[in-house]
Structures are given as structure tokens and as C-alpha cells.
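*Asks:* Take a look at this one; I'll ask things after.
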Amino acid sequence: MNIEIPQPDHSDSSLGCGPIRPEPDASGASLRHRVFESVRSAGQISRIDLAKQLRVSPASITALVGELLDLGLLRESQDTTRASARGRPPVALSVQPDAGYVVGIKLARSQHTALLVDAAGRPLAQASLPCAHRRRSLAQILDETGEVLDALLKEADLARADIACIGLGMPGMIDHATGQMVWSPLLIERDLPLRTLAEDAFGVPVAVDNDANLVTLAELWFGKGRAMADFAVVTIEQGVGMGLVINHRLYRGAGSLGMELGHTKVQMDGALCQCGQRGCLEAYIADYALVREASTALDPTDYANSAPDVMLQQLYEQAKAGNEAARVIFRRAGRFLALGLANVVNLFDPPLIILAGERMQYDYLYADDVLREMHSLSLNRDATPQQVETHAWGDLMWAHGAAALALSDIADAMAEQQG
Ligand SMILES: [Zn+2]
């Protein structure tokens, strides 16, 4: 079991950001767009290496780089990654940092987190806003979002008009393509045009996604997933989410709602889930499921009127202190998690599964016996075992993912603009 608590440092823009694709991208994006993305991914790269990487002639690269330089999207600098035997160091290309600023915002139940990055993906400022635990209206959530956005911009001495795009993520069923919020555990309403309402509220283009896709984008753009073609991220927070990367791209499915691992059924007519259906995986392992069972293990005088998070912490402390009933609750949740992970392995066979989220502080959920059970339920159990890592990222990493969402959203418009 490899438990990793990485401390990302994204301040060095020479490292680049974004997926590192060994093969030319077959997405259909224009060559100019691919040149821009390749430079951003590399951090610093020469024209010759760019031509080799994209498998096109140096002359084509020189022409396209000239256009991107004229548009102010790229800049030339001395290549600090290469030593020069004599004379001047070679010239490298990098993204012009002030070509565009974007904001990534992760909306969550108890705190909203915002991050400002420049066009090269370098973080410039961050802000967070503690907020009420209860479900509330979208209008109120957008007020709170505006508050954290303005605090962030004040910190960076920028105005809303300076922002090219806001990436906005929240838990629930969020349709990235249409911008529709179908359902979210944060909200009392359903089926609202989240993206349009947010754009009206802030006067800035907005891209929306569910929070599991945010943390997956964070791994793909800034984390271990940058150089991996395929991997899965399973998030355990208020619910259970999943992000899936196939061939260096986030897979969203036809409905653009993301991978709802938490609502795959693990029991017919089973426990009631917050989605309204029964037997969903998250009805056995998400925090509300654990809290629901906590009353069987805790003394009522200890937890009366406690907030769910406080109650869950008490349950965990009791389990650690030897309370058998509390241990049984976590062990059972761990077994259901093993079942869910084994289903991911049997369906997608990803070389790496990253477990992320607040609940990763509860080590029962990724104990050795959970992983053993996952392997025993996986059909390819004689092959090399799946690599499972736990990344205990804070909300800021999720906000990085929201910023990546915004950066990829604007890259098209930036690279396609006419000089
Ligand atoms: Zn459900």
C-alpha cells in the first residue's frame, strides 16, 4: 500500500502543466492549438523539439509559433533547461503568463475554495470562504461564490473583467456540455442552468463540472496523472465519485455527467441513498451512511445535536479506541469500498486508481484488508495487482482542477483567434 501525501509545488512554470502526450494528439484540434498546448505542457521547449514531438516540419512550426508570438500567447526566453557549451543559451518557447487569467472554484458543503492561475497554469492567489452546512438555494450559493471570487481578485489586485474564464465545480450531477445542474447535495433545487446563471451573476465565461472530475483534472494537469494515459480517481467525500482518464483525456460519457460510481448498485432493495434510489454504493460508505449507523455505536449523550462531521470524527475516535461496534461500521464500509473498486478494476482495468477526498483520513477505508478484498474480487487477480494510491489532497488541489477546466476551455478560443 502506497500512501502518499504529496505537496505539489506548481510555482515553477518551467515544469509546465497539462497532460504529457507521447503521441500526436488525434483530438481534431488545429495544429496551432496543439502547438500552444504542447508548449504549455512542456513548460519550456525549443522549436526543433516541438517539431519532433508533433511530427511536423520545422518550417510549419516556425510559421505557427510566429502567429502565436504575434498574438501574445507565447514568448521566447533563454532555455534554462539546457547548458550551452559556448555562446548564448538556445532560445526556448514558453506560454506568455499574462495571456489570460482564469479562476478555479470548488464549491463544497462547509467551505468554498478559489484559486487564480495565469495562462501558464501558475497559481497567483487563493481564497476560501467557510459557509453554512445546510442545503440552500442556488442564488445563495452564487452569492457566496461571488464573495470568494471578489476576495481572490482583491488579493491579486485584478477585476472580474480581467478574468478569461471561471471553472466551477460542485458535487452532484453537473452536465459539463450543457452547463445544467441536474442535482446537487448542496442545493434545495434541481434542474437549473448553472452555467448561464453563473455567467449572468459574474459577467465572466464559466465552465462547470462535477467535483470528482475536478480532482481528476487536477491529477491530469498538475499531478501524477500528467504522464499517464489511463487512470481512475475515486473520491470519497459527502458522496462517492469517480473520474476516468482514457488516453490522456477525461472521459465524461454521453450524458456529460461523469462516472457515478457512488450510484452503481451493490445491493438489490438495499439502503436508501441520497439520490432517492436503493442499494447504491455510497449508501454504504459515504459520510451520511456512516453517520446513520453511528447511533448504534455511540452513547446518545455524546453525539446529541452534533454536526455530521463531528459525529463521524467521534465514531472514528471510538473505533481507534477499541469500540467494537464503531470498528464494525468502518470495516463494513471498507468491504463495500473494496467491492466498488473491484468493479472498477473488472470494468476498466486501469493501471492506477487514486483514492482522494476528505474521508481518506479514515485509514480503515484503505487498510490492507480492503485492498486484499478488492484484489480477491477482481477477475485478473493473478496479474500484477492494480496500483492503488491515496492522495489526501486538500480543497486547493480540487480548485486546481477547476482552474484546469477553465484553462482547457479557453485554450480553443485563444489558439483559434485571428491576429
Ligand atoms: Zn444513489
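The values are calculated or read from the model by the stated rules, or taken from the named source; none is laboratory data. This structure is a prediction, so every number in the text was calculated from the model and none was measured. Because the Cβ atoms are built from the backbone with ideal geometry, glycine has one as well, and the counts that use them run over all protein chains shown.
*Asks:* Restricting attention to segment 145-157, does a residue exist that is more than 18 Å from His112 (Cβ to Cβ) and in contact with a helix residue (DSSP H, G or I) (Cβ under 8 Å, 6 or more places away or on another chain)?
*Replies:* No: segment 145-157 contains no residue that is more than 18 Å from His112 (Cβ to Cβ) and in contact with a helix residue (DSSP H, G or I) (Cβ under 8 Å, 6 or more places away or on another chain).
*Asks:* Filter segment 226-241 down to the residues that are in contact with a helix residue (DSSP H, G or I) (Cβ under 7 Å, 6 or more places away or on another chain) and either part of a loop (DSSP other than H, G, I, E, B) or closer than 10 Å to Ile353 by Cα (or both) and list them by number.
*Replies:* Phe231, Ala232, Val233, Val234, Glu237, Gln238, Gly239
*Asks:* Out of everything in segment 95-124 that is part of a loop (DSSP other than H, G, I, E, B) and out of contact with any His (no Cβ under 9 Å at 6 or more places or on another chain), what residue ends up being farthest from Leu69 (Cα to Cα)?
*Replies:* Checking each candidate, the answer is Ala108.
*Asks:* Now a separate question. Please tell me if Arg292 is at pLDDT 95 or above, surrounded by fewer than 24 Cβ atoms within 10 Å (Cβ to Cβ) and within 22 Å of Ile188 (Cα to Cα).
*Replies:* No; evaluated as a whole, the condition is false for this residue.
*Asks:* Further, regarding this structure: In segment 157-172, what residues are crowded, with 16+ Cβ neighbours inside 10 Å and farther than 17 Å from Asp395 by Cα?
*Replies:* Within segment 157-172, Leu158, Ile163, Ala164, Cys165 meet the criteria.
*Asks:* Name every residue in segment 157-180 that is at pLDDT below 95 and more than 23 Å from Asp412 (Cα to Cα), in order of residue number.
*Replies:* Once the filter is applied, which keeps residues that are at pLDDT below 95 and more than 23 Å from Asp412 (Cα to Cα), segment 157-180 yields Met170, Pro171, Gly172, Met173.
*Asks:* Within segment 130-143, can you find the residues that are surrounded by fewer than 16 Cβ atoms within 10 Å (Cβ to Cβ) and of a type outside the set (A, V, I, L, M, F, W, C)?
*Replies:* Initially, segment 130-143 is screened for residues surrounded by fewer than 16 Cβ atoms within 10 Å (Cβ to Cβ), giving 130, 132-135, 137, 139-140, 143.
Selection gives Pro130, His133, Arg134, Arg135, Ser137, Gln140, Asp143.
*Asks:* The conditions are (1) free of Cβ contacts under 8 Å to residues at least 60 places away in the same chain; (2) touching a strand residue (DSSP E or B) at 6+ places or on another chain (Cβ under 6 Å), and Pro205 fails exactly one of them. Which is it?
*Replies:* (1)
*Asks:* Go through segment 172-215 and give me each residue that's of a type in the set (S, T, N, Q), over 14 Å from the mean Cα position of the chain (by Cα) and part of a helix (DSSP H, G or I).
*Replies:* Filtering segment 172-215 for residues of a type in the set (S, T, N, Q) gives 178, 180, 184, 196, 210, 213.
The next check asks that each one be over 14 Å from the mean Cα position of the chain (by Cα); those that pass are 178, 180, 184, 196.
Within segment 172-215, just Thr196 meets the criteria.
*Asks:* Among the residues in segment 244-251, are any closer than 30 Å to Gly225 by Cβ and either within 16 Å of the ligand (Cβ to nearest atom) or not in a strand (DSSP E or B) (or both)?
*Replies:* From segment 244-251, those closer than 30 Å to Gly225 by Cβ are 244-251; that's our starting set.
From what's left, either within 16 Å of the ligand (Cβ to nearest atom) or not in a strand (DSSP E or B) (or both): 247-248.
Checked segment 244-251: at least one residue is closer than 30 Å to Gly225 by Cβ and either within 16 Å of the ligand (Cβ to nearest atom) or not in a strand (DSSP E or B) (or both).
*Asks:* Please specify each residue of segment 338-388 satisfying the condition of being of a type in the set (Gly, Ala, Ser), outside any helix (DSSP H, G or I) and within 14 Å of Met242 (Cα to Cα). Walk me through how you get there before you give the answer.
*Replies:* The initial filter retains those residues of segment 338-388 that are of a type in the set (Gly, Ala, Ser), namely 338, 340, 342, 356-357, 367, 376, 378, 383.
Now drop any that are not outside any helix (DSSP H, G or I), which leaves 356-357, 367, 378, 383.
Hits for segment 338-388 are Ala356, Gly357.
*Asks:* Moving on. Working carefully through the options Ala127, Ala92, find the one that is outside any loop (DSSP other than H, G, I, E, B), surrounded by 21 or more Cβ atoms within 10 Å (Cβ to Cβ) and modelled with pLDDT of 95 or more. Working first, answer last.
*Replies:* On the way: Ala92 fails: modelled with pLDDT of 95 or more.
Among Ala127, Ala92, only Ala127 is outside any loop (DSSP other than H, G, I, E, B), surrounded by 21 or more Cβ atoms within 10 Å (Cβ to Cβ) and modelled with pLDDT of 95 or more.
*Asks:* Taking segment 265-288 as the region of interest, how many residues are in contact with a Cys (Cβ under 9 Å, 6 or more places away or on another chain), part of a loop (DSSP other than H, G, I, E, B), near the ligand (Cβ under 9 Å from one of its atoms) and touching a residue at least 40 places away in the same chain (Cβ under 8 Å)?
*Replies:* The total comes to 2.
*Asks:* Residues that are crowded, with 24+ Cβ neighbours inside 10 Å and more than 16 Å from the ligand (Cβ to nearest atom): does segment 233-240 have at least one?
*Replies:* Yes, segment 233-240 contains at least one residue that is crowded, with 24+ Cβ neighbours inside 10 Å and more than 16 Å from the ligand (Cβ to nearest atom).
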